[in-house]
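Any read-out appearing in this document is the output of simple, stated calculations on the displayed coordinates, not a laboratory observation. Keep in mind that this is a model prediction, so the values were computed, not measured. Positions of Cβ are backbone-derived with ideal geometry, glycine not excepted, and every protein chain shown enters the neighbour counts.
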Amino acid sequence: MHLLKDPDHIAVVSLLSGKKCLVAENNEVDQSLITLLLHEAGMIADVVGDGYEAVERLKAGPVYDIILIDLQMPVMDGYAAAVRIRDELQLNTPILAMTETTPEEEQYNCIVAGIQDCISKPFDLNDLYRRMARLLSKPYDLSRLDGLNDRGALTEIVNLFLTRTPKTVQEMLAEAEKQDWEKVHRYAHQLKSSTGVIGAQELVELLRRIEEQATYQKDAGTMGRLLRRFCSVFTRVETLLKQEIQ
Amino acid sequence: MKILIAEDEAILLRTIELRLKKDGHETIVCVDGREALAKIEEQDPDLIIADIMMPFASGLEIVGAAKRREIKIPVVVLSAMEQESVVLEAFQLGADDYITKPFSLEELSVRVKRFALGQPPRNS
């Protein structure tokens with residue numbers, strides 16, 4: 001259980017240490033194992049037995065840094081709980097799902113439900129730590145722009161992003177309102193380039209789904225959910241980027 | 001090298017421009033395909049970097065134009081991940097290299113450097 005003093009691991013654990021995690025898991029053995037792993041990383045863990053209890057716990061008020069949720073649970077599964085956490089409780093807390101199926105199979109539904117990442121069970125503890133740390137870090141990665149080697153150029157690009165992107169987002173939303181999916185697709189495609197520049201992975205992922213929806217399924221309900229999720233993550237990215245360049 | 005960059009997304013366009021300038025290249029920026037087609041004739045660049053999906057004229061049209069000239073200009077196409085079939089089409093038209101978005105600026109720089117050294121990737 002004790003890990004080597006690999007610098008990468010130290011950085012990951014220092015991000016996790018002291019963070020509060022809500023665990024929704026119905027299997028008692030897994031409950032204890034997960035609690036143990038989270039404690040090992042210095043985290044505080046609260047465990048509930050299904051999605052319904054998770055929603056009720058969050059409704060009651062305690063604030064968590066991250067939510068770890070099993071996708072296959074009785075009463076209310078992970079997807080349904082995530083949808084309620086995002087839509088009803090309007091919480092932006094990062095959610096990592098656990099599944100006994102393959103995560104690739106679940107990925108599409110996860111993104112639509114507002115779940116950022118999915119890990120397969122049984123999991124490797126390093127993988128679990130790394131994924132949680134990624135969800136707890138900034139929703140963008142400016143290291144892609146390190147290649148500019150210049151603080152002024154970096155600020156210019158971030159400013160360009162902050163002034164131009166909200167307009168494109170507004171235009172995309174207006175076209176979605178009119179259900180003009182072809183135009184929604186065009187704006188989503190454009191946004192994928194600009195959000196890619198600042199390494200906003202979740203936004204890129206959401207835009208990819210929006211493009212797919214606009215091309216194939218064209219389901220207004222799913223589209224609405226994807227766009228709402230996009231907007232709330234975008235607002236967060238915007239706020240943090242503004243602080244970054246001040 | 002004199003490099004023409006055609007990309008309709010302003011932030012990405014500026015990012016590429018800043019990096020290539022830093023590498024000591026001269027840059028010509030174009031915000032759509034039509035502007036690119038005009039500037040290829042006017043400015044005679046040494047290398048073209050073109051996005052595949054652009055208004056007015058696509059990256060494919062740009063590859064076509066660059067290869068119809070007496071002295072052919074090498075072209076690197078930029079594409080999104082799900083556009084692989086279009087990338088094949090670009091190669092058939094004579095594109096010399098491609099980069100999938102999102103990419104790192106280091107990758108772009110290294111790929112461009114090969115053209116500057118006269119070592120274009122061999123894809124035929």
Seminar exercise, completed: CD proxy, 222 nm, chain A: helix-only mean residue ellipticity via -39,500 (n - 2.57) per DSSP H run with n ≥ 4, per residue, nearest 500, stands at -19500 deg cm²/dmol
For this session: With no solvent and one equal point scatterer placed on each C-alpha of segment B:39-124, evaluate the Debye formula and give log10 I(q)/I(0) for q = 0.20, 0.25 Å⁻¹, two decimals.
Result: -0.94, -1.43
Exercise. Size of the dipole of chain A about the Cα centre, Lys and Arg at +1 and Asp and Glu at -1 on the beta carbon, nothing else charged, in debye to 20?
Worked result: 960 debye
Problem set entry | Quotient of Cα Rg and 2.2 N^0.38 Å for segment A:120-246, N being how many residues it contains | 1.16
Problem set entry | Dipole magnitude of chain B, debye to nearest 20 (Cβ charges: Lys/Arg +1, Asp/Glu -1, about Cα centre) | 420 debye
For this session: Pull out the extension gain between residue A:33 and residue A:238, defined as 0.36 nm times the separation in residues minus the alpha carbon to alpha carbon distance; nm, one decimal.
Result: 70.1 nm
For this session: Take each of the peptides B:46-57, A:99-110, average the number of other beta-carbon atoms within 10 Å over its residues, and list them starting from the highest.
Result: B:46-57, A:99-110
For this session: Sum -39500 (n - 2.57) across every DSSP H segment of at least 4 residues in chain B, then divide by the residue count to get the 222 nm mean residue ellipticity, nearest 500.
Result: -13500 deg cm²/dmol
Exercise. Going down the table (A:20/A:59; A:192/A:242; A:183/B:72; B:72/B:113), which pairs top 25 Å between alpha carbons?
Worked result: A:183/B:72
Seminar exercise, completed: Quick calc: nm separation of the 7 Å Cα→Cβ label points for residue A:245 and residue A:177 -> 2.7 nm
For this session: Apply the Kirkwood formula to segment A:1-151: the hydrodynamic radius equals the inverse of the mean of 1/r over all pairs of different alpha-carbon atoms; give it in Å with one decimal.
Result: 16.0 Å
Exercise. Which is farthest toward the positive dipole end of segment A:1-134 among A:80, A:133, A:47, measuring Cα position about the Cα centre, with Cβ charges +1 (Lys, Arg) and -1 (Asp, Glu)?
Worked result: A:133
Exercise. Dipole of chain A (Lys/Arg Cβ +1, Asp/Glu Cβ -1, origin at the Cα centre): which of A:204, A:17, A:162 lies farthest to the positive side?
Worked result: A:162
Seminar exercise, completed: Partner shielding of A:193-203, as the mean number of partner chain Cβ atoms within 10 Å, equals 4
Exercise. When the gyration tensor of the protein assembly as shown is built from Cα positions, what are the square roots of 5 times its three eigenvalues, in whole Å, from largest to smallest?
Worked result: 43, 23, 18
Exercise. Taking amide H positions as placed 1.01 Å from N in the peptide plane, with prolines and chain starts having none, which residues 5 or more places from residue A:199, or on another chain, fall under 5 Å of its amide H?
Worked result: A:141
Exercise. Measuring from label point to label point, each 7 Å out along Cα→Cβ, what is the residue B:43 to residue B:109 span in nm?
Worked result: 2.1 nm
Seminar exercise, completed: Taking a ≥ b ≥ c as the square roots of the Cα gyration tensor eigenvalues, with a/c under 1.5 meaning rounded and otherwise prolate when a/b beats b/c or oblate if not, segment A:196-235 comes out oblate
For this session: Give the residue from B:56, B:31, B:43 lying farthest towards the positive end of the charge dipole for segment B:28-68; charges sit on Cβ (+1 for Lys and Arg, -1 for Asp and Glu) and the dipole is referred to the Cα centre.
Result: B:56
For this session: Specify the residue with the greatest mean-square fluctuation among A:152, A:18, A:114, computed from a Gaussian network of chain A linking alpha-carbon atoms under 10 Å apart.
Result: A:152
For this session: Could you give the size of the charge dipole of segment B:1-74 about its Cα centre, using +1 on the Cβ of each K and R and -1 on the Cβ of each D and E, expressed in debye and rounded to the nearest 20?
Result: 200 debye
Problem set entry | Average beta carbon contacts from partner chains per residue of A:144-156, 10 Å cutoff | 4
For this session: Would you please give the residues with an amide H less than 5 Å from that of residue B:28, counting only those at least 5 places away or on a separate chain, with H modeled from the backbone geometry?
Result: B:3, B:4, B:5
Problem set entry | Per-pair calculated FRET efficiency, R0 = 35 Å: residue B:32 and residue A:105 via Cβ, rounded to 0.05 | 0.30
